[in-house]
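Every read-out reported here was derived from the displayed coordinates using simple, explicitly stated rules and does not represent laboratory data. Keep in mind it's a predicted model, so treat the numbers as computed, not measured. Note: ideal-geometry Cβ built from the backbone for every residue, glycine included; neighbour counts use all protein chains shown.
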Amino acid sequence: MIPELSNPSVCMRDPQGVEDIIKAMHKAGPNTIQVISDFDMTLTRFAYNGKRCPTSHNILDNSKLISDDCKHQLKDLLDEYYPIEIDSNRTVEEKLPLMVEWWTKAHTLLVQQRIRKDLLQVVVKESDAMLRGNYQLFFDHLQEHHIPLLIFSAGIGDVLEEVLRQAEVFLPNIKVFSNYMDFDEAGVLKAFKGELIHTYNKREGALLNAGHFEEIKFRHNILLLGDSLGDLTMADGVHNLENILRIGFLNDKVEERKPSYLKAYDIVLVEDETMDVPNAILRYLTSTK
Ligand code: TMP
Ligand code: MG
């Protein structure tokens, strides 16, 4: 049905179940489908030529807008909290308060740096941010078939929008839920807007944005893309969900985390820096044969 499902990066707990979901979604047709995707390390690469790629937070952290002292502090936070974020020996309940702590501390530091809105474009241009291989096909295909894409990110909305704009894929079928910056009249960062989104509260974020899901409530079939177990709750706001196909990128600590990813995601893509498998599935779902 889809040759790319035999790629070496693909692991599935239940290949027959995956085939059944894809067939049911294909039968229902493209007008019933919506895509919900995480941003950092899902639409963007985890690594390129052996070097780690930045998250939307890291794009700022590594930029000339941040003092050396603040860079050290942000790096210390990353070294302390990222291992907790991906630790398979801790429960989500244990991680929750620690993630709030990480995001709150990082955002407080960023606000102290008096970041200028007009320089975001420059720092994104100067960064090593990279979308996954063959990302153009992914975005073009969704646009061409009028399939809505919700990008649901615990990163920084202003930065990720700029990454998409510079890659020329910030298309009208895209909606973003993320942490947005609030600037003063002089265009200087003064706070972050609204409820904080971190890795493990996407369910609450989904429920807060009920209006979006209401608008596309006739799309009962979901393709979900994520790289964290927290991303699985991104579809919790969807009305009358019929079929959901969950694709998880397993980028880091592969052997340790594989069992839990196989349990939670229908398709696990191990160290796959491309959009080839999601693209192949979308091609099939929108084909008439
Ligand atoms: P995502 O939901 O778009 O994947 O974004 C969340 C990622 O951002 C998560 O993997 C942790 C990362 N992050 C940083 O890299 N630096 C930070 O300061 C914070 C708060 C999060
Ligand atoms: Mg992510």
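As a rough footprinting exposure proxy, the listed residues Glu161, Glu93 were ranked by other beta carbons within 10 Å of their own, and the order from fewest upward is Glu93, Glu161. Determine the shape class of the range 63-191: with a ≥ b ≥ c the square roots of the Cα gyration tensor eigenvalues, call it rounded for a/c under 1.5, and otherwise prolate if a/b is greater than b/c, oblate otherwise. It is oblate, given that a/c is not under 1.5 and a/b is not larger than b/c. Note on the range 12-117: along the principal axes its Cα atoms extend 55, 35, 29 Å, ordered by decreasing extent.
One Cα centroid belongs to the range 71-98, the other to the range 163-195; the line between them spans 25 Å.
Tell me the net charge near Leu160. Cut-off is 13 Å between Cβ atoms, Leu160 excluded, with +1 for each Lys or Arg and -1 for each Asp or Glu. Don't jump to the answer; show the numbers that get you there.
On the way: positive: Arg165, Lys175; negative: Asp38, Asp40, Asp158, Glu161, Glu162.
Around Leu160, the charge tally is -3.
With a Förster radius of 25 Å applied to the C-beta separation of Glu255 and Tyr82, the computed FRET efficiency comes to 0.85.
Taking the helices alone, the chain has a mean residue ellipticity at 222 nm of -12500 deg cm²/dmol, built from -39,500 (n - 2.57) per DSSP H run of at least 4 residues and averaged over all its residues. Database remark: amide H of Phe249 closer than 5 angstrom to the amide H of Gly226, Asp227, Leu269 (H placed geometrically; neighbours at sequence offset of 5 or more, or on other chains; Pro and chain starts carry no H). DSSP beta bridges in the range 66-225, what fraction antiparallel, as a percent rounded to 5? Around 45 percent antiparallel, to the nearest 5. Protection proxy ranking of 150-160, 132-142, 69-79, by the mean of other Cβ atoms within 10 Å over each peptide's residues and highest first, is 150-160, 132-142, 69-79.
Students often get this wrong: which residues of the range 28-50 have the backbone nitrogen under 20 Å from the point 7 angstrom along Cα-to-C-beta of Ser287? Under cut-off, by backbone N: 28-34. Label positions at His239 and Lys105, each projected 7 Å from the Cα along the C-beta direction, are separated by 4.3 nm.
Roughly what % antiparallel, to the nearest 5, for the DSSP beta bridges in the chain? Walk me through the numbers before you get to the answer.
Working: 9 of 33 bridges.
In the chain, DSSP labels about 25 percent of beta bridges as antiparallel.
Dipole magnitude for the chain: computed about the Cα centre from +1 point charges on Lys and Arg Cβ and -1 point charges on Asp and Glu Cβ, it is near 420 debye.
Note on the chain: dipole from Cβ charges, positive end direction compared against Leu164, Ser127, Ser228; the farthest Cα belongs to Leu164. Using 7 Å Cα-to-Cβ label points, what is the Asp68/Leu207 separation (nm, one decimal)? With each label point 7 Å from Cα toward Cβ, the separation is 4.7 nm.
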